[in-house]
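The structure appears below as structure tokens.
All of the numbers you see were taken from the coordinates with simple rules; none came from a lab. Computed from a predicted structure; not experimentally measured. Here the Cβ is made from the backbone with ideal geometry for all residues, glycine too, and neighbour counts use every protein chain on show.
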Amino acid sequence: MSNPAEPIFSAIDLLRMLFGVLITASGAVASLLFFARLKRKDYALLYFGLGALLYGVRLFVSGSAGYVHHRWDLLDPVVSLVIIIPLFLFFVETLASRWKRFSWWIVGLFAGVGVFGITNLLLHHLRLVGVIKTLLALTAIPVFLVMLFIPFRSSGRDQTILRAGFVIFMLFAFYTNLVGAGVFQGTTEIEFIGFAVLLGCLGYVAASRTQRNEERLLSLNKEMEIARSIQAGLLPEKSFSVAGLTAASRYVPASSVAGDFYDFLPQDGGLGVLIADVSGHGVPAALSASMVKVAIRAQRDWANDPARVLNGLNSILCGNLQGQFVTAGYLYLDPGRGALAYAGAGHPPLLAWRGRENRVESMEENGLMLGIFPEGAYKCLRATLEPGDRFVLYTDGITEAPTVSGEEFGMERFKSFLAEHAGSSAQELCDALVKRVTSWSGSSARGQHDDLTLIVVDYKAA
């Protein structure tokens, strides 16, 4: 003799439970994928995941023992009042971007109606809750129809699939309502199949969008790697030696491509050293940096005159940077005459370690930034050059590197580091300083704040 307390599952109940498990699982997977790829912010995955989770749980419960025993009577109306929100946001994200500017007003309206309905549900005003559900459905269906079918023109694959899924769901809904109204005989318990088809279409569109986004991202990453290789090819070798001068450098871009640039111009037994920093980051800054490469090559004939070099750079760059600008420093060292000349264009000061005096000297002679003012004029600062001297050119990514709390590495800390490592070789100093700055700012853990470029030139008499 069967226990009357045991639920008796019909084929429809078992089908509900099966569909419920599958839909819930797909919603959970989509939600996990969204949070695993949070930086890419593919919200279509999230909205599909939330909608599928809500509907899948309700569908499973409606065919399970918990529903038979009335343990979950509130679940069905709550889901009906809430599920419209993620479905609406999904359509906005995938098909109706023109709705984005006022979509949150509509979401707020749906949410307000949902809260009102849930409140009345808790107060057991079940008849009013039924009216609210009907009104919500009658409001949402026309909104979805407008989003899907207006304007009615040739559509892409995603829109065609969503239209088909929505039409199938509507056919099942009409059939169920006609049977409920007694127009003809049938079952009113198969509407969920139509909704499951619609969710399947939503899931397909979400998955295809994710795949296309991944393919575009891979293609973009490949292109950026090519760009990075090209840009690296524009830079000189990390080390350079001429007439007792030994130069070493480190270049650490904050992204695949960057706006920092440096170059060496040997002339008349001396060495010219340029360092430049284009405003901004990424591809625009990198393109402008490539222009600096072309411009500096045109200054070879007067590489021993820093002021003239910067004037020449400015005349070439003005009007060609699309609103950007360049800060630069140019140093010319002449061991034969024991002299140096330096000029700057809005750039951080040149630092010199004077070996004979064991001190760090700050040398600055700045004019206007390059690329903005055609009338910009530049002057030279001249000083003596002695064996044991060391010169450091750098971009502000060094001194302005911040900690998590916002404290910058700073000039004084920079000078102290140079004094402490006076006995290191030029390349050893470059490597140690970059390591110290990245450790200071925690760049390996949270991303680099700015491009880092550093050049160290040592002079030892031949």
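List of remarks:
- Average silhouette area of segment 271-313, convex hull of alpha-carbon atoms, in square nanometres: 3.0 nm²
- Cα gyration tensor category, rounded, prolate or oblate, for segment 236-459 with a/c compared to 1.5: oblate
- With contributions of -39500 (n - 2.57) from each DSSP H run of at least four residues, the per-residue ellipticity at 222 nm computed over the chain stands at -17500 deg cm²/dmol.
- Here the Kirkwood formula, the inverse mean of 1/r across different C-alpha pairs, assigns segment 11-223 a hydrodynamic radius of 18.4 Å.
- Note on the chain: the alpha carbon radius of gyration divided by the globular reference 2.2 N^0.38 Å gives 1.51.
- Relative contact order (%) - criterion: Cα under 8 Å, at least six apart; region: segment 236-459: 24 percent
- Taking packing as the residue-averaged number of other Cβ atoms within 10 angstrom, the listed peptides 312-319, 362-369 run from highest to lowest as 312-319, 362-369.
- Measuring nothing but how far apart in sequence close Cα pairs (under 8 Å, 6+ apart) lie, relative to its length, the chain scores a relative contact order of 11 percent.
- In this structure, the amide hydrogen of A339, modeled 1.01 Å from its nitrogen in the peptide plane, lies closer than 5 angstrom to those of D334, L385, counting only residues at least 5 positions away or on a different chain.
- Mean Kyte hydropathy of 1.0 or more with a Cα span along the axis of at least 27 Å, helices from DSSP in the chain: 11-36, 43-62, 100-122, 126-149
- At an R0 of 35 angstrom, the distance between the Cβ atoms of R101 and V167 translates into a FRET efficiency of 0.80.
- The HN-Hα couplings worked out from phi for segment 344-350 by the Karplus form 6.51 cos²θ - 1.76 cosθ + 1.60 (θ = phi - 60°) are x, 10, x, 9, x, x, 5 Hz, whole numbers, x standing for Gly and Pro.
- Here the spin labels are modelled as points 7 Å beyond Cα on the Cα-Cβ line, and at R300 and S416 they lie 4.5 nm apart.
- Full extension of the chain between V21 and S290 yields a length gain of 91.2 nm, computed as 0.36 nm times the residue separation minus the alpha carbon distance.
- Amide N proximity, segment 321-365 versus T384 label position 7 Å along Cα-to-Cβ, cut-off under 14 Å: 337-340, 354-358
- Residue by residue, segment 387-397 carries 3J(HN,Hα) couplings of x, x, 6, 9, 10, 10, 10, 7, 9, 5, x Hz when phi is fed to the Karplus relation 6.51 cos²θ - 1.76 cosθ + 1.60 (θ = phi - 60°); x denotes Gly or Pro.
- Proximal lysine pairs, the chain, alpha carbons under 17 Å, eight or more residues apart or interchain: 4
- Rounded FRET efficiency, nearest 0.05, which uses the C-beta distance separating K39 from K460 and R0 of 51 Å: 0.60
- Residue among V167, V392, L53 farthest towards the positive dipole end of the chain, charges placed on Cβ: V167
- When only Cα pairs below 8 angstrom with a gap of at least 6 residues are kept, segment 249-324 shows a relative contact order of 28 percent.
- Put a dot 7 Å past the Cα of N213, heading toward its Cβ, do the same for L109, and the two dots end up 2.7 nm apart.
- Per DSSP, loop chymotrypsin sites (Phe, Trp or Tyr not before Pro) in segment 92-178 with at most 13 further Cβ within 10 Å: F152
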